[in-house]
Each structure stands twice: as structure tokens, then as C-alpha cells.
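Asker: The structure follows.
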Ligand code: ATP
């Protein structure tokens, strides 16, 4: 575990050193849980967004996009339930004065039981070798059974407390499980209180005329309030979807783990409107479709899992998370929710307008049901970074730090180096750059030895490097070096565009979704 934390620290340092992510307002010592993306970070982030947008909008006949404003009429948040119920349960440790989310403390405790079970399994696997039967071991080993029973009991108690919104019980669970504050090590806890996560500000120039408005805590409501506009002007027929990418703001109580939990972040959300009664089938379909999108990145299916919600939000009739194996455990990257007709009905009620769909097949009008897929750009960015980062031990005893980014997401696709700074090699290299930069990001580098230039490109995850040498001037071929295998081969300059597009374009990635 400590080793994993070490790796995570290195990833954060790497993000800063190579222009991916900087703390916000760093000159003034930063601002809690707010970050800026640097010259390489913004490219990676844009590629993630493009991969999502094209997968959703371009590849689906019945999904269109919008870009709604961040500021919305204040009644939107009353109707959606956010003013009254967008709360987290918080608890303070009286000795360290540190604040925690009570539900997260208990979830961490559940994960500890899982770890204990996993440890027993690993020990036994080593002992029994080939003949090890994990299922049988878990069903019969006394220690595993004991851990599992404790875990199940805690899980049930936790789920009940959440569903009943029972804050005292949440506190009692923390006390009974003897959960201690990681900073002070004590169990001196306050009561559990609710805390609203929305940021607010004033709109209007004079104090009397100003009204309180909120910075949106999710992009979804911008889609719901535009349902009628899009359905009518786009002449959309059910089922259809509306996609959106945009900023969201939450005053997170405990903002930890770098860009995993930020106060200003970006979401990619899609609301899929369906006929009532078909929603659970669509829920299943979207679970598969979204998982395929993640797995096309090639990080290995063992690094993903679904986590069904214990507590369904008041509006949902099914909900699951797609979790990714981060250095600090399996964590939510995306939520898929069956939101019934709650949001549209609420907006109809609060606005006094009819929000329905006329079904030409049945001649009926009804309020559509909604399946939502909601993914955080920044969390996705973090999972890509965590999985790609490697300090690789090389055969010659050296190490290199390399980002094995999926080539389609890499900020720079190709770097072009003249072997030396003379004999017309820089000019030839520049010619290649000027030709290819219309199609993708290309970088020209002539400083330092080739080896050092390779290392710099490895560190930002550039999948291909090309070296221009004397032979290039004679036969128009270059050496093409592959980031991951470090193998080099001779190719014609005229082939470069096709090679890079085939392996490093968003199109190539989109085609890998199964
Ligand atoms: P969590 O339980 O981690 O607070 P959530 O269940 O409240 O997340 P949703 O409201 O379902 O999250 O939001 C959808 C997605 O938006 C999440 O899966 C996550 O990727 C992203 N997201 C939510 N809150 C944050 C945040 N504070 N910082 C970065 N990304 C976030």
C-alpha cells in the first residue's frame, strides 16, 4: 500500500514537471482542490473529450449535443432537489480538527475487510500452488469466513443507515467499528451533520435587485431544461439522447487525491430519453456500451468493475458505477443511472409547462424516462495517467520514465529529430514537421543527444519518434522509433502520415470499441 502511495506521489510530481497539471494559482500557494491543466495536459484532456464526444454523438444516429450555460435559473435547483438534498454527511475529529465524509470513512473500512480476505487468498495461493481452488478456499477457510461475515454485517448496516438518512447510526457505525482519524489516531468524533455542496453567488448589480444563483453542481440539468427545445427543433423520436461536456462545481468537504476530487471539474454527461417501461433494458445496454468505451483503451478488463449502488437516489430505480483500479484502490470514474421521469416531471411541476412526448405509434403523450451516463473528465484523465506511468528498468541497467498513453490520447503524436544540427538535416526534419502538422501534433527537437530527446518524449507519452540522418537526404527514409518497444525501423517519409493515423488517431480508437 505504502508503495502504491509512493507511486501516486510520483505521478503527481510527473504531471507537474511535464506540463500536465499545475496547482491553481500556484504563485499564491494554490487553492484547495482546484487545478490547472498545462500545455500537455490540455491536449490529453481534449483528446479524452473528443473520444467521448465522437463515440456518443458522431457514432449514434439518435444522440445530439448541446452546450448549456453554467448559470441557470435558481428554481432549476429547487426543482431538481439540489437545494434541499445535495448534501454529504460530514464528521469532524475533535483532536486533529480534520473533517471527513462519514460515508467515505465507512467505505474505507469495508475495503479493509476486502483487503484482509484478499491477503488470506494470496497466502493460500502461494502455499497450494497450481491446485489452488479460490472459491472452495473462500467457502471453507475460517478466517476468510469470519472477515466476510463482519463485512456483510457492516455493509447491511451501512446501507440501511444511508437509506434511512440516519446520521446518528452513521456515527454509531464509526464508533462501533473503532474507526480512528488517520491524522490524530483518535476516535474522538463529533456528530454527523449534513453539508450542502453547491456554490452560490449573486447575479445583478444592486444589492436589492440581486438574486442568489448557483454554480451548477452537475451538467445534467442543462439537458433536462432543454429537452423540449431539442426534441422539437431536432424532430427527435424516442429513444434519443442529448450529450454535453462542461464544467461543474461542488464544494467538496474533503478534497483529496489530486484531481480525483476537485471543487471545479468537468463532466461528460448523456441523458437518454426512453419510453417508460423500457428503461431497465436501456440501462443494461448503456452499461455495456460505456464499459466497451473504457476497455477499448486497452488497460485490461481486470482493472474495471461495476459497483451497484446501495443507496438509490430518491429519483433512481437502478444505478451503478464503473470503477477503475487506481493506485489508491478501485474508485468510481463513471456513474450510470436510471433516473425515471423524476427530473422532467419536477421541471414540469415547477415551471408550470407541459414536458411530454407525443408517441406517434401509440397516439399517447407521456413523460419520457431517462438513463444517464455521467463521467468526470478529470477522473478519466487521472485513470489514464495512473495506468500509463511506468519507471521501467531497461536491459542495460538504466531506468526510463515512460507514459504508455493510448496513442490516440497522446498530446504529441510524433517527434522529429535531425541527427545533427548541420548538413541540411534540420531543414529536412522541419519539412516533415510542416507537412504533417496539418493532421496531428508534431514536435521538432534538435537539442541534446538523440537518447535524451527520446527520454523527453517518453515522459510525455509521445508514441513515435523519427530521426532524420544522412541517408534521409539520399533516399527519403527515416528511422521510426516505437515508444513502448523502443524498436527502430527504417520507413519512407511518405508512409509516416498513414502509420500515425492508423495507430494514433481518435478514429482508430473508436473502432476498437466492442
Ligand atoms: P463521489 O461519490 O465520488 O462524490 P458522485 O457519485 O457524487 O461521486 P456523480 O454525481 O455521479 O458523482 O458524478 C458523475 C461523475 O462526475 C463521477 O463519476 C466523477 O467522475 C465525476 N465527479 C463527481 N464529483 C467530482 C469531483 N468533485 N471532482 C472530479 N470529478 C467528479
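The values are calculated or read from the model by the stated rules, or taken from the named source; none is laboratory data. Since the structure is predicted, the reported quantities are computational estimates derived from the model, not experimental observations. FYI the Cβ positions are ideal-geometry reconstructions off the backbone, even for glycines, and counts take in every protein chain you see.
For every residue, the table says whether it meets (1) out of contact with any strand residue (DSSP E or B) (no Cβ under 7 Å at 6 or more places or on another chain); (2) more than 16 Å from the ligand (Cβ to nearest atom).
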{"residue": "325", "(1), (2)": "yes, no"}
{"residue": "328", "(1), (2)": "yes, no"}
{"residue": "337", "(1), (2)": "no, no"}
{"residue": "341", "(1), (2)": "no, yes"}
{"residue": "378", "(1), (2)": "no, no"}
{"residue": "387", "(1), (2)": "yes, no"}
{"residue": "394", "(1), (2)": "no, yes"}
{"residue": "399", "(1), (2)": "no, yes"}
{"residue": "406", "(1), (2)": "yes, yes"}
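Asker: Return a yes/no flag: does the stretch 234-256 have any residue that is farther than 15 Å from residue 373 by Cβ, away from the ligand (no atom under 16 Å from the Cβ) and without any contact (Cβ under 8 Å) to a residue 40 or more places away in the chain.
Answerer: yes
Asker: Given the structure, is residue 117 in a helix (DSSP H, G or I), over 22 Å from the mean Cα position of the chain (by Cα) and either surrounded by 15 or more Cβ atoms within 10 Å (Cβ to Cβ) or touching a residue at least 40 places away in the same chain (Cβ under 8 Å) (or both)? Walk me through it before giving the result.
Answerer: Values: in a helix (DSSP H, G or I): yes; over 22 Å from the mean Cα position of the chain (by Cα): yes; either surrounded by 15 or more Cβ atoms within 10 Å (Cβ to Cβ) or touching a residue at least 40 places away in the same chain (Cβ under 8 Å) (or both): yes.
Yes.
Asker: Could you tell me whether any residue of the stretch 436-447 is in a helix (DSSP H, G or I), buried (at least 17 other Cβ atoms within 10 Å of the Cβ) and touching a strand residue (DSSP E or B) at 6+ places or on another chain (Cβ under 8 Å)? Before you say what the answer is, go through the steps one by one.
Answerer: Of all residues in the stretch 436-447, those in a helix (DSSP H, G or I) come to 436.
Still in the list and also buried (at least 17 other Cβ atoms within 10 Å of the Cβ): 436.
Cutting the leftovers down to touching a strand residue (DSSP E or B) at 6+ places or on another chain (Cβ under 8 Å) gives us 436.
So far as the stretch 436-447 goes, yes, one or more of its residues are in a helix (DSSP H, G or I), buried (at least 17 other Cβ atoms within 10 Å of the Cβ) and touching a strand residue (DSSP E or B) at 6+ places or on another chain (Cβ under 8 Å).
Asker: Hey, residue 223 hits all of (1) without any contact (Cβ under 8 Å) to a residue 40 or more places away in the chain; (2) over 17 Å from residue 88 (Cβ atoms); (3) surrounded by 15 or more Cβ atoms within 10 Å (Cβ to Cβ) but one; which does it fall short on?
Answerer: (1)
Asker: When you look at residue 165, is it within 30 Å of residue 92 (Cα to Cα), outside any helix (DSSP H, G or I) and within 31 Å of the chain's Cα centre (by Cα), yes or no?
Answerer: On the way: within 30 Å of residue 92 (Cα to Cα): yes; outside any helix (DSSP H, G or I): yes; within 31 Å of the chain's Cα centre (by Cα): yes.
Yes, satisfied.
Asker: Could you tell me which numbered condition residue 225 fails, if it satisfies all but one of (1) within 16 Å of the ligand (Cβ to nearest atom); (2) more than 21 Å from the chain's Cα centre (by Cα)?
Answerer: Checking residue 225 against (1) within 16 Å of the ligand (Cβ to nearest atom); (2) more than 21 Å from the chain's Cα centre (by Cα), the one that fails is (1).
Residue-by-condition table, conditions (1) within 24 Å of residue 77 (Cα to Cα); (2) outside any strand (DSSP E or B); (3) touching a residue at least 40 places away in the same chain (Cβ under 8 Å); (4) away from the ligand (no atom under 13 Å from the Cβ):
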| position | (1), (2), (3), (4) |
| --- | --- |
| 302 | no, yes, no, yes |
| 349 | yes, yes, yes, yes |
| 355 | yes, yes, yes, yes |
| 358 | no, no, no, yes |
| 361 | no, yes, no, yes |
| 375 | yes, no, yes, no |
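Asker: Being at pLDDT below 95 and closer than 15 Å to residue 387 by Cβ is the filter; apply it to the stretch 1-30 and report the residue that is surrounded by the most Cβ atoms within 10 Å (Cβ to Cβ).
Answerer: 8
Asker: Still on this structure, I have one more. In the stretch 14-37, how many are touching a strand residue (DSSP E or B) at 6+ places or on another chain (Cβ under 7 Å), within 15 Å of the ligand (Cβ to nearest atom) and assigned to a loop (DSSP other than H, G, I, E, B)?
Answerer: The qualifying residues number 2.
Asker: Still on this structure, please answer the following. Just one of the numbered conditions (1) loosely packed, with under 15 Cβ neighbours inside 10 Å; (2) within 20 Å of residue 55 (Cα to Cα); (3) within 16 Å of the ligand (Cβ to nearest atom) is not true of residue 306; which one?
Answerer: Of the numbered conditions (1) loosely packed, with under 15 Cβ neighbours inside 10 Å; (2) within 20 Å of residue 55 (Cα to Cα); (3) within 16 Å of the ligand (Cβ to nearest atom), the odd one out for residue 306 is (2).
Asker: When you look at residue 284, is it away from the ligand (no atom under 12 Å from the Cβ) and either within 30 Å of residue 10 (Cβ to Cβ) or assigned to a helix (DSSP H, G or I) (or both), yes or no? Step through it out loud before you land on a result.
Answerer: Numbers: away from the ligand (no atom under 12 Å from the Cβ): yes; either within 30 Å of residue 10 (Cβ to Cβ) or assigned to a helix (DSSP H, G or I) (or both): yes.
It is true that residue 284 is away from the ligand (no atom under 12 Å from the Cβ) and either within 30 Å of residue 10 (Cβ to Cβ) or assigned to a helix (DSSP H, G or I) (or both).
Asker: Determine which member of the set 76, 42, 104 is surrounded by 16 or more Cβ atoms within 10 Å (Cβ to Cβ) and within 25 Å of the chain's Cα centre (by Cα). Explain how you work it out, then say what you get.
Answerer: On the way: 76 fails: within 25 Å of the chain's Cα centre (by Cα); 42 fails: surrounded by 16 or more Cβ atoms within 10 Å (Cβ to Cβ).
Within the list 76, 42, 104, the selection yields 104.
Asker: For the stretch 309-323, which positions are near the ligand (Cβ under 10 Å from one of its atoms), in contact (Cβ under 8 Å) with a residue 24 or more places away in the chain and part of a strand (DSSP E or B)? Working first, answer last.
Answerer: Step one: of the stretch 309-323, the residues near the ligand (Cβ under 10 Å from one of its atoms) are 309, 313, 319, 321-323.
From what's left, in contact (Cβ under 8 Å) with a residue 24 or more places away in the chain: 313, 322.
Hit for the stretch 309-323 is 322, nothing else.
Asker: Sticking with this one: Against the condition touching a residue at least 40 places away in the same chain (Cβ under 8 Å), surrounded by 15 or more Cβ atoms within 10 Å (Cβ to Cβ) and within 16 Å of the ligand (Cβ to nearest atom), how does residue 279 come out, does it pass?
Answerer: Working: touching a residue at least 40 places away in the same chain (Cβ under 8 Å): yes; surrounded by 15 or more Cβ atoms within 10 Å (Cβ to Cβ): yes; within 16 Å of the ligand (Cβ to nearest atom): no.
So residue 279 does not fit the description; no.
Asker: Looking at 272, 265 in this structure, which one is in contact with a helix residue (DSSP H, G or I) (Cβ under 7 Å, 6 or more places away or on another chain), within 11 Å of the ligand (Cβ to nearest atom) and not in a loop (DSSP other than H, G, I, E, B)?
Answerer: Values: 272 fails: within 11 Å of the ligand (Cβ to nearest atom).
After applying the criteria, what remains is 265.
Asker: When only residues in the stretch 363-373 that are part of a strand (DSSP E or B) and more than 16 Å from the ligand (Cβ to nearest atom) count, which is nearest to residue 48 (Cα to Cα)? It would help to see each step written out before you state the result.
Answerer: The first filter runs over the stretch 363-373 and keeps only residues part of a strand (DSSP E or B), leaving 364-366, 369-373.
Still in the list and also more than 16 Å from the ligand (Cβ to nearest atom): 364-366, 369.
Working: 364: 40, 365: 38, 366: 36, 369: 28 Å.
Applying the filter and picking the extreme gives 369.
Asker: Taking the criterion of being in contact (Cβ under 8 Å) with a residue 24 or more places away in the chain, under 16 Å from residue 490 (Cα atoms) and in contact with a helix residue (DSSP H, G or I) (Cβ under 7 Å, 6 or more places away or on another chain), would at least one residue in the stretch 439-447 satisfy it? Don't jump to the end; show me each part of the working.
Answerer: Here is the first cut: in the stretch 439-447, the ones in contact (Cβ under 8 Å) with a residue 24 or more places away in the chain are 439-446.
When the remaining residues are screened for being under 16 Å from residue 490 (Cα atoms), the result is none.
No - not one qualifying residue is present in the stretch 439-447.
Asker: Here's something else I'd like to know. Scanning the stretch 72-89 for residues that are on the phi < 0 side of the Ramachandran plot and outside any helix (DSSP H, G or I), which turns out nearest to the ligand (Cβ to nearest atom)?
Answerer: To start, the set of residues in the stretch 72-89 that are on the phi < 0 side of the Ramachandran plot comprises 72-80, 82-89.
From what is left, the residues that are outside any helix (DSSP H, G or I) are 72-73, 80, 86-89.
Values: 72: 17, 73: 21, 80: 12, 86: 9, 87: 11, 88: 8, 89: 12 Å.
Applying the filter and picking the extreme gives 88.
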